[in-house]
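Notes to accompany the following structure.
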2 protein chains.
Amino acid sequence: MSLLVTGSIAIDTVKTPYGVSENCLGGSAVYFSMAASFFSPVRLLGVIGSDCPFDLAEVFADRSVDLTGLEVRKQSKTFRWKGTYNDNMNDRRTDCLELNVLAEAPPSVPAAYKDSKFVFLANTTPALQLELLEQIDEPVFAAADTMNCWIESHLDDLKRLLGKIDCLIINEEETRMLAAEHNLIKSTEAILDIGPSVVIIKKGESGSVMCNVDGERFILPGFPVTEVKDPTGAGDSFAGALMGYLAQRARTDFGSLKQAIAYGTVVASFAIADFSLAGLTSINKTDIDSRFETLRKLTSF
Amino acid sequence: MSLLVTGSIAIDTVKTPYGVSENCLGGSAVYFSMAASFFSPVRLLGVIGSDCPFDLAEVFADRSVDLTGLEVRKQSKTFRWKGTYNDNMNDRRTDCLELNVLAEAPPSVPAAYKDSKFVFLANTTPALQLELLEQIDEPVFAAADTMNCWIESHLDDLKRLLGKIDCLIINEEETRMLAAEHNLIKSTEAILDIGPSVVIIKKGESGSVMCNVDGERFILPGFPVTEVKDPTGAGDSFAGALMGYLAQRARTDFGSLKQAIAYGTVVASFAIADFSLAGLTSINKTDIDSRFETLRKLTSF
C-alpha cells in the first residue's frame, strides 16, 4: 500500500568523537525515505531552498522514492542543523539551527499523494502535522513523532493530533513528559487513553517498547552494535523501516507491528554505523534480512 | 548440584517515594538465597552480630536454605544500611552505612560447604572473594559481582579474581568503567579477555546482555513492570534465580544460561514490587513460571 512521509530535508553538520561530516544530507524525511525504500515505495513531501547542493533524484536513484511532493523554493534557503555528540554518543548539543524554509508556509499535499494509505508525520509542530494529515483522503494507518518542546508549549494541539493518528512513535523521556508519569508502562497507557491505538517508545540503545489499546505489549532490546559513528537519523530510520514494512505487508495487526519494530531496530543499527546516509546506502535488503534473523536469535530463549 | 552463596546479611532502612521500611532484613546473601531457593537448595555463608532481630531459620522456613555457614558473633553488630531512592527509582543515595561485622575477619567456609559446585560471590572486596573461592574444592561454575569502588581502588585484586571465576555479573556503568570503553559490547569483550568465560551485564529496567568467550551473545529486555516499590536487592535476586536455575539443571551451556537470565529477570521483577523480601515471599514457583512464559511472549516476534 502507498506510504507518505512528511518531514524535513536538511543540510547537516555533525561532529562526533569519530569525526566531522560537514554540510551533508540529512533531515527526517530523507532518513525515513531511505530506510522505508528497502521495503516499499515512498512518497516524500518536503521543501528545500535553492541553496540545496543535493540532487535528491540522484540520491534516491534506483530506489522507489516519489519526489512529486518535493518543493524547491527559489527565494528560500534549506533547513540547516549543526550538532555535536558527546563521548558516549547518547547526548547531543545543537550548535546551530537555521529553520529557513521550515519557518515559511508548509508544503501542501499534491493531488497524487492524497490517496496515501500509510502516513508518517515526522516531527514538527502538531498543528502542522494535523493540517497535513487532514489533506489525506482516507489514511489506513497514520503515525507521528513529536518532541519535548511541543509537549511543553503546544500540548493542546498535540492532544488533538493524538486523537487523529493511529500510532505515536516517541522517545522515552518524551513519553514520561507527555504522561507526567515516570513508570514507562503507565505513561504509555496514559497516552493510549488520549487517542492513538498504538504507542511505540524508542529507548535508543536499550531498544523499544510497544503497547496497544487491547493491552498487548512487546519489548525488544536494541541491536548490540560495536560501530556507532553518527546517531543522527536513527529514530527516523527506525520509523522508516517500520512503516515501510507495514506498507509492504498492508497489515497493521500486532504480529506485523512486532516484526516492523524488529526491522526498524535493524535498519537503525545500520544507519548509525556511519555518517549521514552512508550507513544506509552501503547495505542491501539481504544485509537487513540477515541481521533481522540475528536479532531474533540474539533475543530468543 | 550444590549452590553456595557468600555475601552480606543486613539490617536495612529503605526510603522510596512509596514509603519507608525501617530495620528490615536485607543483604546480598539473603536476597540471593530467597530467589535461588525457588529453584535449588542453597548454602548460605554470612555473619551477623548479636543485635540481629531476625531469625533466619524462620525467614527461610519451608525453603531449602542451609544455614550451617551462618555465623553469629556475640560481641559484634550486624551490617546496617540506610538508603533513599529518588523519584525515578533508578538512583539511590546511601544515608548511612555501618559495616560492623563486615569490617571484621571474614567467615570461613565450613567443611560441609567445601564440595559446592555452583558458587556465587556477592559483592565485597575482590581479595576476600578470592580467599573464599580458594576454600572450595572443585567449583564447576563460580560467578561474582563487584562494584565501582573495587574497580577504582582494587583493580589488581579484581583482575586476579576475574582470572579465577567463570562468570562476572556486573552492572552497565561498572562494565564501562572496568573496560575503560563506552561501547557495551566492546567493554564486555575486553572483560572476557581478562578471564571469565561469560559476562552478564545488568542494565536495570533496560534488561541484560550476556556475552561469552565463544562469541555467543544474548540480549533480553527488563520485564515491563508497573509496580516498583523498592529496588533494593534486585541485582542479587536476579543472580539468585539465575544461579539457582543453573544449579538445578546442573548445566552451564549457553542455552541454559539464556533461560537462567530470563528467570533472573522475572524473579527480580517480583522482588522490586514490594519492600524488603515481601516481593519474593508472596510468590510461588507457579507465579515465576507464568511470568517467564509472559516474558517469552512479550519478546518474541
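The values are calculated or read from the model by the stated rules, or taken from the named source; none is laboratory data. Please read these numbers as outputs of a predicted model, since none were measured by experiment. Virtual Cβ from ideal backbone geometry, glycine too; neighbours counted across all protein chains shown. Note: accessible area is taken over every heavy atom of the protein model, side chains too, but ligands, DNA and RNA are not part of it. Shrake-Rupley method; radii C 1.70, N 1.55, O 1.52, S 1.80 Å.
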In chain B, what residue has the beta-carbon at the shortest distance from the axis of the rotation relating B to A, and what is that distance in angstrom, rounded to the whole number?
-> B:SER206, 2
If you average the sequence gap of Cα pairs under 8 Å that are 6 or more apart and divide by the length of the range A:158-289, what percent do you get for the contact order?
-> 18
Which value in deg cm²/dmol, rounded to the nearest 500, describes the helix-derived mean residue ellipticity at 222 nm for chain B, given -39,500 (n - 2.57) per DSSP H run of n ≥ 4 and division by the residue count?
-> -10500 deg cm²/dmol
Across 10 Å bins from 0, what is the distribution of all Cα-Cα pair distances for the range A:1-153, in whole percents?
-> 11, 39, 36, 13, 1
Under 18 Å from the 7 Å Cα→Cβ point of A:ASN90, by amide nitrogen: which residues of the range A:218-237?
-> A:220-235
Over the heavy atoms of B:ARG43, what accessible area does a 1.4 Å probe trace out, to the nearest 10 Å²?
-> 40
Put B:PHE120, A:PHE38 in order of accessible area, largest first, probe 1.4 Å, and you get A:PHE38, B:PHE120
Give the Kirkwood hydrodynamic radius (Å, one decimal) of the range A:1-82, defined as one over the mean of 1/r across all pairs of different Cα atoms.
-> 13.2
What Kirkwood radius, in Å to one decimal, follows from the Cα pairs of the range A:173-301?
-> 15.2
Scoring only Lys, Arg, Asp and Glu (+1, +1, -1, -1) among other residues with Cβ under 15 Å from the Cβ of B:PHE32 yields -1
Could you check which residue among A:THR175, A:THR78, A:THR94 shows the biggest mean-square fluctuation in a GNM of chain A with a 10 Å Cα cutoff?
-> A:THR94
Interface residues, the range B:178-209 - accessible area loss of 10 Å² or more versus chain alone, probe 1.4 Å | B:HIS182, B:ASN183, B:ILE185, B:LYS186, B:LYS203, B:GLU205, B:SER206
Kirkwood-based Rg over Rh for chain B (C-alpha set), two decimals?
-> 0.93
Report, in cubic angstrom per residue, the convex hull volume of the C-alpha atoms of the range B:131-245.
-> 121
Estimated vicinal HN-Hα couplings, Hz - the range A:27-32 in sequence order (Karplus 6.51, -1.76, 1.60; Gly, Pro = x) | x, 4, 5, 6, 4, 4
Note to self: with every protein chain in place and a 1.4 Å probe, the range B:31-76 gives an accessible area per residue in Å² of 43
Can you put A:ASP12, A:ASP137, A:ASP66 in order of accessible area, largest first, using a 1.4 Å probe?
-> A:ASP137, A:ASP66, A:ASP12
Loop GluC sites (Glu not before Pro), the range A:1-104, which have at most 14 other Cβ atoms in a 10 Å radius of their Cβ (DSSP) = A:GLU104
Quick one: Debye curve from the C-alpha atoms of the protein assembly as shown, no solvent, what's log10 I(q)/I(0) at q = 0.08, 0.11 Å⁻¹?
-> -0.60, -1.01
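Nearest 5 is fine: what % of DSSP beta bridges in the protein assembly as shown come out antiparallel, could you say?
Counting only bridges with both partners in the protein assembly as shown, antiparallel ones make up about 40 percent.
Local charge sum around A:LYS15 (other residues, Cβ-Cβ under 10 Å, Lys/Arg +1, Asp/Glu -1)?
On the way: positive: A:LYS82, A:ARG92, A:ARG93; negative: A:GLU22, A:ASP95, A:ASP230.
Cβ neighbours under 10 Å give a net charge of 0.
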Please check which bits of the range A:31-69 a label hung off A:ASN23 would reach, taking the label as a point 7 Å along Cα-to-C-beta and the cut-off as backbone N under 19 Å.
-> A:48-59
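Rounded to the nearest angstrom and ordered from largest down, what semi-axes does the equivalent ellipsoid of the range B:139-194 get from its C-alpha gyration tensor (root of 5λ)?
17, 13, 10
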Quick one: Cα centre-to-centre distance for the range A:236-301 and the range A:48-120, in angstrom?
-> 22
Accessible area of B:ILE272, 1.4 Å probe, to the nearest 10 Å²?
-> 30
Which trypsin sites (Lys or Arg not before Pro) in the range B:108-189 pass both tests, a DSSP loop state and at most 14 other beta-carbon atoms within 10 Å?
-> B:LYS114
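Where both partners of a DSSP beta bridge lie in the range B:53-209, what percent of those bridges are antiparallel, to the nearest 5?
Details: 8 of 19 bridges.
Here the antiparallel bridges make up roughly 40 percent for the range B:53-209.
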Point-charge dipole on Cβ atoms (K/R +1, D/E -1) for the range B:219-301, about Cα centre, debye to 20 = 300
Remind me, relative contact order of chain B in percent, using alpha carbon pairs under 8 angstrom and six or more residues apart?
-> 18
